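Right, one structure below, let's go through it.
Derivation of every value follows stated rules applied to the coordinates shown; laboratory data play no part. Computed from a predicted structure; not experimentally measured. Cβ placement follows ideal geometry from the backbone for every residue including glycine, while neighbour counts extend to all protein chains displayed.
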Amino acid sequence: MKKLKISLCKDDCEKLIKLAEERNVWIEGNLLKLLDESISDEWKKYLTECSEKFNEKQKKRLELTKEFQTQIKELKEQEEENTALVSELKEAHDTAENARQAALNDLDVLQKRKQTELTGRIVRYALYVIVGVGIITTAMYIIAIFADKETQVIGSTWSNLTGILLTNAFSIVGTIMGVKHLNESKNEN
């Protein structure tokens with residue numbers, strides 16, 4: 001196969017040379033291989049310069065491409081590292097969240113146990129006081145009866161005191177049960 005050569009007229013060659021000098025626009029690419037160099041020495045020199053500039057640009061492009069490929073590779077490696085770090089952070093966060101939830105549950109159970117113990121103690125001591133006062137008042141009333149003393153004042157006092165003690169006992173127990181019910185309602189919500 002015969003090599004095809006493109007011949008330009010001398011005027012066109014001069015215009016291309018002038019364009020290169022004035023505006024720094026050069027012919028480049030595979031077209032350079034097809035242009036006929038035998039038109040003039042000046043044209044031959046122009047085509048040689050075009051080839052050199054094209055080769056320089058090609059080298060720069062190749063270097064840039066290699067640099068970009070290196071940077072892309074580094075960025076991919078960093079992305080993989082970041083993905084691994086994010087995954088580790090998520091796992092650590094999940095572990096910390098689970099530990100926090102367990103601690104909150106333990107605290108809640110502990111608070112409920114303490115509240116139950118405290119409620120039991122309050123009820124027990126309130127009942128001790130009520131029963132103790134009731135026993136003392138009843139004993140005084142019985143002693144007054146057997147001692148043949150005036151029992152009308154002690155009887156009404158005993159009756160009032162017993163009523164008050166019973167009212168207070170129910171009030172204490174009711175308050176404690178209400179607080180307990182309120183706490184259970186809060187926990188359910």
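Observations on the model:
- Relative packing of peptides 100-108, 48-56 - highest average C-beta neighbours within 10 Å first: 48-56, 100-108
- Projected label distance in nm at residue 123 and residue 63, using a 7 Å step from Cα toward the beta-carbon: 9.0
- Relative contact order computed over the chain (Cα-Cα under 8 Å; 6+ residues apart), in percent: 13
- Positive end of the dipole of the chain (Cβ unit charges, origin at the Cα centre): among 131, 145, 86, the Cα lying farthest that way belongs to 145.
- Full extension of the chain segment joining residue 170 with residue 20 gains 43.0 nm, where the gain is 0.36 nm per residue of separation less the Cα-Cα distance.
- Between the helical axis of 41-146 and the longest alpha-carbon principal axis of the chain there is an angle of about 0 degrees.
- Rg of the Cα atoms in the chain, relative to 2.2 N^0.38 Å, amounts to 3.26.
- Between residue 56 and residue 184, the contour length at 0.36 nm per residue exceeds the alpha carbon distance by 37.8 nm.
- Cα centroid of the stretch 117-187 to Cα centroid of the stretch 72-89, whole Å: 73
- Exceeding the 23 Å Cα-Cα cut-off - candidates 10/44; 5/59; 33/60; 33/53: 5/59
- Helix-only [θ]222 nm of the chain, DSSP H runs n ≥ 4, -39500 (n - 2.57) each, per residue, nearest 500: -31500 deg cm²/dmol
- Considering only 40, 51, 20, and ranking their Cα positions along the charge dipole of the stretch 1-71 that arises from unit charges at the beta-carbon of Lys, Arg, Asp and Glu, the one farthest toward the positive end is 51.
- Helix axis angle, 152-188 relative to the chain longest principal axis, alpha carbon, degrees: 10
- Rounded to the nearest 20 debye, dipole of the stretch 10-188 from Cβ charges on Lys, Arg, Asp, Glu: 1340
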